[in-house]
Amino acid sequence: MADQSSGVLARIGAGITRLRNFCINILFLAILVALSLGLINSCQRTEIPVGAALVINPHGAIVESATLPDPLQALISTAPRVAQVELGVLLEAIHRAADDPDIVMILLDLDELTWAAPAHGQRLGEALKGFRETGKQVVAYGHSFSQAQYHIASFADAIYMHPMGQVVLDGFGGYNLYFSELLEKFDVNVHVYRVGDYKSAVEPLQRNDMSPDARMAAEVLYQSIWQQLLQDLAANRELALPALQRYSDHLGQALKAAGGDMARAALEAYLVDELMTADQVNARLADDVGYQDTHLMEVNGVDYLGYLNARQSQPNHESENKIAVLVAQGTIVNEGRDDEVVTADAMIKLIRQARRDPAIKAVVLRVDSPGGSQLASERIRQELELLQLTGKPLVASFGNRAASGGYWIASTADAIVAEPTTITGSIGIFSYLTTFEETLARYGIHADGVVTTPLRGSGMLTGVSDGMAQVLQARVEHGYEQFINLVARGRRMTPDAVEAVAQGRVWSGEMAHELGLVDALGGLPLALQTAADQAGLKTWSELRLRSPVDPRAALLAQLLSPVQMQTDDISNLGHQFAEVVTRLRRFDDPNHTYVLCEPCMQWSGP
């Protein structure tokens, strides 16, 4: 009987082995097929038709620098990951097309654009304006328009929308989750030490709602950025700004007047020029660019990625003088592999590369960061200052966010250029420790022992002694003083003048310019030209410095290319909790001291 049982188990084991080998072979074949298709597609050269339309159709969220996710994390994660589209790639396509005689029009197809910051919209808008100044036309078409999509579309000569579409201008702002009552229920103690009345990053752990100071600062910030957006829309569509405000404030009334028809409401508010189906738009565009395939009624056009693939193969006359661009995007940490962080170790390597390369004459630091570790921020800033000591100018260029640690790393740059809608400032600092001594005591667990100093007696399971509390508060106050003095030195202000606009308060780029925290308003092109002027360069070319990419990670990331996922409210709530946990894990400062801007965290896309 034992032999029969062993035989059955052996056959089952052999079957499992064959099944495993079959699955592995299928996966291997799938990878081979994907690689083969990729090689075939890469060998095909896109032909640019004469008199064509350039189709700007980004799929995903616009970012300063696209990053690769950790393949294993991408496999096991349940949270949706949205595709990333580099702002610079879109801008390059528009700029090249402006001088390209084969391109006579740009078609904005923004249906698959999931998110773009106001600063991204303004920068794309400037590029589209430059394209139109050459006498060429820009047309936008969408089934519907979100606020970010419509901001970009508003820079077009004409906006067409599907008869069942809608334009939603829902403004800015949002809600945080607050955990104070939950932590109290479990007797969890959160010890917070901070400087800055407006430093609200730890409020979700201390309160059940926003503090009055945080609410006031957020209202001023969001209203400033909202008014700048409305000004863009009003100027682009030749509308009165109050009319746009009324459309957003009283959309229900406008919708009722239009018989419940959202598309008609947008048309009657002059937000779109005509309501048309896709085939009607194609027929309209074909009047100017013709058809690529008359049988399939395909408009004579090329998408921006195919266009760049064709045009970048042409000879490029680059200057021997280089201006390096370093991108600091994400939360600032000391070390790690998260694709949404600025790692101090990796950034320092790139800065040293720029410092030692004789061809690099100046550096532009492009910042899109809410801050993070104080130590990591200072390590990066010190390395940048060493670069400046070699005589190479450093110009900081602020994108979507450059606050707290994001501002710290740029504080002593030779010049700072910000977008009008950049969230910046937040000159403040905090430290916090979470302890569970009362939680353990509830369940009959107590800590006891012998220590030689009060500092040794503080910890996650024992609480924070008075002596340790004094140390943490003193260290935070010293860090705040360091921050104030760095800004004062870098921006040529007095410490008292910096203190007046500090206290952890966030400002829009426009307000920061008025307060002297930034030197000029503009995008990356202005920052590059400023760096060239400071380096005394007449001719130069841009050089993007990036950390090396692991080929295996790149391959797996391509095979696991992100798909936009739809989630219900319960799933979204779970993802919000997961995001809070992820943010807490990024708090890796060995001194537990942080320069982090809380409002910026909700300004980072989906």
Problem set entry | Peptides ranked, highest mean first, by Cβ atoms within 10 Å: ranges 151-164, 445-458 | 151-164, 445-458
Exercise. How about segment 258-326: which GluC sites (Glu not before Pro) there are in a DSSP loop, with at most 12 other Cβ atoms within 10 Å of their Cβ?
Worked result: GLU318, GLU320
Problem set entry | Burial ordering of VAL89, VAL139, VAL501, fewest other beta-carbon atoms within 10 Å first | VAL89, VAL501, VAL139
Exercise. Simple spin-label model, 7 Å along Cα-to-Cβ: ARG492 to GLU477 in nm?
Worked result: 3.3
Exercise. Using a simple spin-label model with points 7 Å from Cα along the Cα→Cβ vector, what separation in nm is obtained for GLU126 and ASP209?
Worked result: 4.1
Problem set entry | For THR422, residues with placed amide H under 5 Å, excluding near neighbours | GLY509, GLU510
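To the nearest 0.05, how large is the calculated FRET efficiency for TYR178 and THR134 if R₀ is 56 Å and r is the Cβ-Cβ distance? Mind showing how you got there, number by number?
Numbers: r = 52 Å, r/R0 = 0.92.
The formula returns an efficiency of 0.60 here.
Counting only other residues whose beta carbon sits under 14 Å from that of LEU455, what net charge do I get with K and R as +1, D and E as -1? Could the numbers behind the result be given before it?
Working: positive: ARG456, ARG475; negative: ASP466.
Surrounding charge for LEU455 is +1.
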Exercise. Taking other Cβ within 10 Å of each residue's Cβ, how do TRP408, TRP115 sort, fewest first?
Worked result: TRP115, TRP408
Problem set entry | Listed peptides 417-423, 491-497, 529-535 by packing density, highest first (mean Cβ within 10 Å) | 417-423, 529-535, 491-497
For this session: Would you calculate the separation in nanometres between label points at LEU389 and VAL451, each defined as 7 Å from the Cα along the Cα-to-beta-carbon direction?
Result: 3.8
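Quick note: the coordinates plus some simple rules give every number you see, no bench work behind them. Quick caveat: nothing in here was measured; it's all calculated off a predicted structure. Glycine also receives a Cβ, built like all others from the backbone with ideal geometry; neighbour counts cover every protein chain displayed.
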